[in-house]
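Single-structure report; data block below.
Values in this text are rule-based calculations from the coordinates and carry no lab data. The shown structure was predicted, so the numbers you read here are calculated from the model rather than taken from an experiment. For neighbour counting, all protein chains shown are included, and Cβ atoms are generated from backbone atoms with ideal geometry for every residue, glycine included.
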Amino acid sequence: MKVSVMGISPCVGPRRRHNIWLCLLAIIAAIWPAAAPVSGDVPAPVLTQHNDNQRTGAYLGETTLTTANVNPGQFGKLFTRPVDGQIYAQPLYVPGLAIAGHSHNVVFVATMHDSMYAFDADDPAAAAPLWQVSLGLAAPITYTVPNTTTPGHDFGPPGYFDISPEVGVVSTPVIDANTNTLYVVAFTREPNPATCPCRYAHRLHALDLATGAEKFGGPVVISATVPGGADDGDGDHVSFQSTQELQRAGLLLQGGVVSFAFASYGDQAPYHGWVLGYQAATLQPAFAWNSTPNGGLGGIWQSGQGLAADEAGKIYALVGNGSFDQDDGDYGESFVKLDPAGVVTGVLPVADSFTPFDQALLSERDFDLGSFGPVMLPGTRLLLGGAKSGKLYLVNGDDLGGYQQGPGGTDRVVESFQAAALNSYALNGAPVYWSSPGGPRLYFWPAGQALKQFGMTINSAISATIPITPVTSGKTQLDALLYGGYLSLSANGSAPGSGIVWAIHPLLQGGVRQGVLRAYNAEDVSQELWNSAANPARDAVGAWAKFNVPTIANGKVYVATFSNQLDVYGIMGAPWVITQPLSQTAVASQGVTLTVVVSGQGPLSYQWYQGERGDTQHPVGANSDRLALASPGTSPYWVRASNRLGQVDSAAALVTATYTWYLPVVGR
């Protein structure tokens, strides 16, 4: 390794011999991995989707949350942050960021309304964003055709409501901590709503972390053209069409280039899979790759999982249903390894690939390869991915396996097996990986099944064995027609008792549906530690954010929702009022009930009072979060909640009594 000591003052100057130990310490500080802090250091950041470019899904700097304190009495929802749209992108986290002269731990949230927010990540009272910027006009799924009542649409198939009501930021941004820059791709409708069909564009933005201001001359409109003879091209070239492309997979920052992938809106042809790269420092195009330049389809969506990259800078993508002809450059239903070092005239080359022998059947039955993964196993050259069919593939990044002609063929891979029951929703999302005290572990939660924990034996950098029987499984089994669980993991390195698998899943079938957050002991997932449904008044998640995964950082869990809010969970301390008692008007003879929702470490005690807030002369009611008044008069009421760590007073709610007067009946 070549280490530059330029700018490290103890290593230069006339007294450098006397500063040799300071010099060595400075060099170690300069090269030590920032993502692996020890207890007491600045918290580890979360700068990219699923935590790292290998997409392991593991936050390994967690020193607060443990299997001992994540329980119903100590852990729960701390606060929420309202935003202006649904949240498809995973929240990101940067500690110790200087904003307006103050240091904050900051959580960044992107919405489908094309807004980007920066919130204080810790302070329940800091409800206002540190900054908020608009990235443009979000694109509504439908609009009203001028002079009619007819709904129109410019992208997606007729009746497309898989995304509703608008498209803005769909993918997870990426952060460059060295330049304090956040990169985000936004889909925008051009400002001509009266003349639809409208114009649309994808734009790459580079935002200053401290202010949200645009950097490097951004934003830039995303465009690309590659050689190809596909029907939607001009015979010699195929060009990127924004209205046909959905940018779902998380962004990748690698080697000074921001890369991102595209798929489709509801499989509405014509479309292709694209991987595009832009220079991080200038926002100028670096390369482009089309998955089916001489055919069609081949979207790269990966259930929101970002493109993966190895230490040599190679990029790995999983391509879904589409044309396959390796000789013609079409890679539907394939793992592909792309080489940025080999770019020729702006085209990103394929360095290697793997295509299952039954690729034609996968496409025919909509069993997309790439619905699951990819994940690179740390310390190895091994790559995991899977398909909707429920099949998991483990491949060697140095020799992916090519294509073995089917039917009746075999796949030349390290290992493959049916990891989930055959189901059109079987594997969505991605596995998470942890080097546990008991050895390497994989976790995933298929549709219609329970959370699974698999063991693994790593034999070498290019060889591993995954026994097809799970080590343990969770006890909550999902409905077969639901999506599975979407996972992240937190741990303090490999320390026993620190590993927790965080899973979020939908509760019911249908469109926008309730979500549930669960926490499991990562050493034995048959042990559920906590779930948000046990105390819904305090901990309810709200509407499930499709394919999104929890973000864990510095003792807190950040959960995106389709309820236009970010939920924040953590170890509860002194009481904090989540929902104040509401003023009410009631008929005096019918009674009224006031309620309060308080977050705080249990056990909590309550004392209600009649009078203005702070007036304790007239205690009323029982030790409860509810106050039932059988015959209310007109008066304010408030409650004091307390635990061993402190107390909090609610706002006063005014109860206004009304009376019904009956006139006597006068006889004739």
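Worth a mention:
- Stretched out straight at 0.36 nm per residue, the stretch from VAL42 to ASN69 would grow longer than its current Cα-Cα span by 7.6 nm.
- Counted charge near VAL541, where neighbours are those whose Cβ lies closer than 9 Å (Asp, Glu -1; Lys, Arg +1): -1
- The shape of region 327-387 can be summarised by an equivalent ellipsoid whose semi-axes, obtained from the alpha carbon gyration tensor, come to 22, 18, 9 Å from longest to shortest.
- Going from the fewest other Cβ atoms within 10 Å to the most, the residues LYS388, LYS215 appear in the order LYS215, LYS388.
- Distance between region 460-527 and region 116-189 - C-alpha centres, whole angstrom: 29
- The Rg/Rh ratio for region 577-658, using Cα coordinates for both the radius of gyration and the Kirkwood hydrodynamic radius, is 0.97.
- Shape category assigned to region 445-586 from the gyration tensor of Cα positions, a/c cut at 1.5: prolate
- Exposure proxy order (Cβ contacts within 10 Å, fewest to most) of GLU311, GLU528, GLU333: GLU311, GLU528, GLU333
- Over region 73-124, the fraction of Cα-Cα pairs per 5 Å bin, rounded to whole percents and listed from the shortest bin up, is 4, 18, 24, 22, 19, 10, 3, 0.
- Region 290-309 residues near the modelled THR345 label - backbone nitrogen below 17 Å, point 7 Å along Cα→Cβ: 290, 293-294
- Relative contact order of the chain, pairs being alpha-carbon contacts under 8 Å that are 6 or more residues apart, as %: 12
- When peptides 243-254, 458-469 are sorted by average Cβ neighbour count within 10 Å, with the highest value leading, the order is 243-254, 458-469.
- Exposure proxy order (Cβ contacts within 10 Å, fewest to most) of LEU645, LEU204: LEU645, LEU204
- Over region 360-513, the ratio between the Cα radius of gyration and 2.2 N^0.38 Å evaluates to 1.06.
- Judged by the ratio a/c of the largest to the smallest principal axis of the C-alpha gyration tensor, region 407-494 counts as oblate, that ratio being 1.5 or greater while a/b is no larger than b/c.
- For the pair region 367-432 and region 573-602, the centres of their Cα atoms are 51 angstrom apart.
- Formal net charge of residues neighbouring HIS102 (Cβ-Cβ distance under 14 Å; K, R +1; D, E -1): -3
- FRET efficiency estimate (nearest 0.05) - Cβ-Cβ, ILE571 to LEU422, R0 51 angstrom: 0.80
- 16 Å Cα cut-off, lysine pairs counted over the chain (separation 8 or more, or different chains): 5
- Near ASN531, once Lys and Arg are set to +1 and Asp and Glu to -1 for all other residues with Cβ below 10 Å from its Cβ, the sum equals -1.
- A crude spin-label estimate for the pair ASN180 and THR469, with each label 7 Å from Cα along the Cβ direction, gives 5.6 nm.
- FRET efficiency, HIS618 to ILE99 (Cβ-Cβ, R0 41 Å, nearest 0.05): 0.35
- Along each principal axis, taking the top coordinate minus the bottom one, the Cα set of region 90-237 gives 53, 42, 25 Å in descending order.
- Here region 225-310 is treated with +1 on each Lys and Arg Cβ and -1 on each Asp and Glu Cβ, and its dipole about the Cα centre works out to around 300 debye.
- The base-10 log of I(q)/I(0) for region 172-266, evaluated at q = 0.19, 0.20, 0.23, 0.25 Å⁻¹, reads -1.02, -1.08, -1.22, -1.30 [Debye formula, identical scatterers on Cα atoms, solvent excluded].
- Dividing the convex hull volume of the alpha-carbon atoms in region 508-630 by its residue count gives 180 Å³ per residue.
- log₁₀ of I(q)/I(0) at q = 0.07 Å⁻¹ - the chain, Debye sum with one point per alpha carbon: -0.50
- For the peptides 227-233, 60-66, the ranking by mean Cβ contacts within 10 Å, running from highest to lowest, is 60-66, 227-233.
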